[in-house]
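Just below is one structure, and these are the notes that go with it.
The values are calculated or read from the model by the stated rules, or taken from the named source; none is laboratory data. Since the model is a prediction, treat every value here as computed from it, not as a measurement. Note: ideal-geometry Cβ built from the backbone for every residue, glycine included; neighbour counts use all protein chains shown. Ligands, DNA and RNA are excluded from the accessible area calculation, which covers all protein heavy atoms including side chains. Shrake-Rupley method; radii C 1.70, N 1.55, O 1.52, S 1.80 Å.
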Amino acid sequence: MHEVAIVDALIAQVEEEVRRAGVSGKVVRLDLSIGRLSGVSVDAIRFALELLAPGTIVESAQVEIRQPAAVVCCAACDHRAEVEQIPVRCPRCGSRELTIEGGREMLLESIELEESPS
Amino acid sequence: MKIIAAKKILKANDQLAEANRATFNAARLLAVNMVGSPGSGKTTLLEALVNALQGRMRLAVIEGDIAGSIDAERMEALGVPVVQINTEGACHLDATMIAAAAQGLELAAADCLVIENVGNLVCTAGFDLGEHVRLVLLSVTEGDDKLVKYPAIFRGSHALVITKCDLLPHVNFNMERAVADMRRLAPDAPVFQVCAPRQEGVAELADWLVQRRP
């Protein structure tokens, strides 16, 4: 359940970003990217949010979670493909010279606030 | 209004981990994050390493456990400087805990700091502690399928230590499969086969660690 620690860090980060932007108001939406190879369960993130959000800045936020796939890139034949599992060889030419792009990220993309009339 | 953040969620942990790494580099200290299931033999391997590194690298240890100080007592019995962290239920160590624990150790008097993480193949994968090397343990009694079932922890590790190899004749563990799966997940990571209580294979691991000192 390291998702609890991740959500805890996320809430602190939202507080910091909002403070830094110098705005006040209710956070209504959060956009996150959690890569499919990040080792994090999106269900567990949602569960941890239910647990930790009440009483914090994100308590009434709608949370959108994008789950980008990993892209395997072959140095030999320039083949690029989205994969669920990291392959040993290029599915097209069989080369082992593969690099993996993305799929492991865990990002807070954006925060949407409903500004309170001052 | 919308704030575009585009920042890593564990940014705070990663930054602190980098600060820890800088501290370890300044002390010319090799920091090792030892991970593996409960009962995979982390403390027993550490005891064997104390022996194998005698006169080559001075060790210091941070023991991470949910509760108790049994492992720290085992290290103290060998005369190794040790700090115990009790996570009070948390399933992994993080960079903050290491920064605090490191203050309880005289880093300048050590060449290698081994951080024994909480026994867990899942949660420990997500938290950089500021180590140079992550060592993942797998005991033959756990089965050769763990690499496929918990790929994240193996993929991010720098070496695999297969422990309890003296039990190979008695268990259904396919060494070829385990080594091939590790090669697929972490092509550059060496695989060490050890029986720690008999010091078998431990010298090779000790040599590899000595070469990694910053």
- Centre separation in Å (Cα based) which lies between the range A:22-84 and the range B:125-148: 25
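Largest first and in whole Å, what are the equivalent-ellipsoid semi-axes of the range B:55-97 based on the Cα gyration tensor, each being the root of 5 times an eigenvalue? Mind showing how you got there, number by number?
Values: eigenvalues 93, 32, 7 Å².
Rounded to whole Å, the semi-axes are 22, 13, 6.
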- Under a 1.4 angstrom probe, counting protein chains only, how are A:79, B:158, B:92 ranked by accessible area, largest first? B:158, A:79, B:92
- Note on the structure: Taking every residue of A:13-21, the Cβ atoms of other protein chains inside 10 Å of its Cβ average out to 3
- Note on the structure: Of A:18-25, B:121-128, B:3-10, ordering from highest average Cβ density within 10 Å down gives B:121-128, B:3-10, A:18-25
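Do any GluC sites (Glu not before Pro) in the range B:38-107 lie in a loop, going by DSSP, with at most 15 other beta-carbon atoms within 10 Å of their beta carbon, and if so which? Don't skip to the answer; put the middle values down first.
Values: sites: B:47, B:63, B:73, B:76, B:88, B:106; in loops: B:88, B:106.
Listed in order of number, the matching sites are B:88, B:106.
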- Query: Using Cα pairs under 8 angstrom and six or more residues apart, how large is the relative contact order of chain B, in percent?
  - Reply: 26
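Taking the convex hull of the Cα atoms, report for the range B:19-140 its projected area averaged over all directions, in nm².
Working: hull surface 27.6 nm².
Averaging across all directions leaves 6.9 nm² for the Cα convex hull.
With the Cα gyration tensor of the range B:121-205 in hand, give its eigenvalues times 5 under a square root as the equivalent ellipsoid semi-axes, listed largest first in whole angstrom. Before the final figure, lay out each step's value.
Working: eigenvalues 84, 47, 26 Å².
Output for the range B:121-205: semi-axes of 20, 15, 11 Å.
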- Query: Which of the peptides B:201-209, B:14-22 is most tightly packed, and how do the rest follow, judged by the mean count of other Cβ atoms within 10 Å per residue?
  - Reply: B:201-209, B:14-22
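Ignoring everything except DSSP H segments at least 4 long, calculate the 222 nm mean residue ellipticity for chain A; use -39,500 (n - 2.57) per segment, divide by total residues, nearest 500. The partial results should precede the final answer.
Values: 2 runs with 31 residues, N = 118.
Using -39500 (n - 2.57) per qualifying helix, the result is -8500 deg cm²/dmol.
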- Item | Residue-averaged 222 nm ellipticity for chain B, from DSSP H runs of 4+ at -39500 (n - 2.57), nearest 500 | -9500 deg cm²/dmol
- Check the straight Cα-Cα distances from residue B:7 and name the lysines below 26 Å, setting aside those fewer than 8 residues away within the same chain. A:26
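Share of Cα-Cα pairs in chain B beyond 29 Å, in percent? Please report the intermediate quantities before stating the final value.
On the way: 5013 of 22791 pairs.
Value for chain B: 22 percent of Cα pairs lie more than 29 Å apart.
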- Query: Regarding chain A, what is the average projected area of its C-alpha convex hull, in nm²?
  - Reply: 8.8
- Considering chain B as a Gaussian network with a 10 Å cut-off on Cα pairs, which listed residue, B:25, B:86, B:172, attains the greatest mean-square fluctuation? B:172
- Over all alpha-carbon pairs in the protein assembly as shown, figure out the percentage whose distance exceeds 39 Å. 20
- Got a sec to turn the phi values of the range B:154-165 into Karplus ³J(HN,Hα) couplings, 6.51 cos²θ - 1.76 cosθ + 1.60 with θ = phi - 60°, whole Hz, x for Gly and Pro? 6, 4, x, 9, 9, 7, 10, 10, 8, 9, 6, 5
- Between the range B:1-42 and the range B:162-210, what's the alpha-carbon centroid distance in Å? 25
- What is the average number of partner chain Cβ atoms found within 10 Å of a Cβ in B:8-16? 5
- For A:77, B:112, give the ranking by accessible area with the largest first, probe 1.4 Å. A:77, B:112
- Hey, what did the range B:9-136 get for relative contact order, percent, Cα under 8 Å, at least 6 apart? 45
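Apply the Kirkwood formula to the range B:163-214: the hydrodynamic radius equals the inverse of the mean of 1/r over all pairs of different alpha-carbon atoms; give it in Å with one decimal. Intermediate values should be presented prior to the final figure.
On the way: mean 1/r = 0.0806 Å⁻¹.
Hydrodynamic radius (Kirkwood, Cα pairs) of the range B:163-214 is 12.4 Å.
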- Probe 1.4 Å, all chains present, heavy atoms only: residue A:80 accessible area in Å², nearest 10, is 140
- Return the average number of partner chain Cβ atoms within 10 angstrom of each residue Cβ along peptide A:104-115. 4
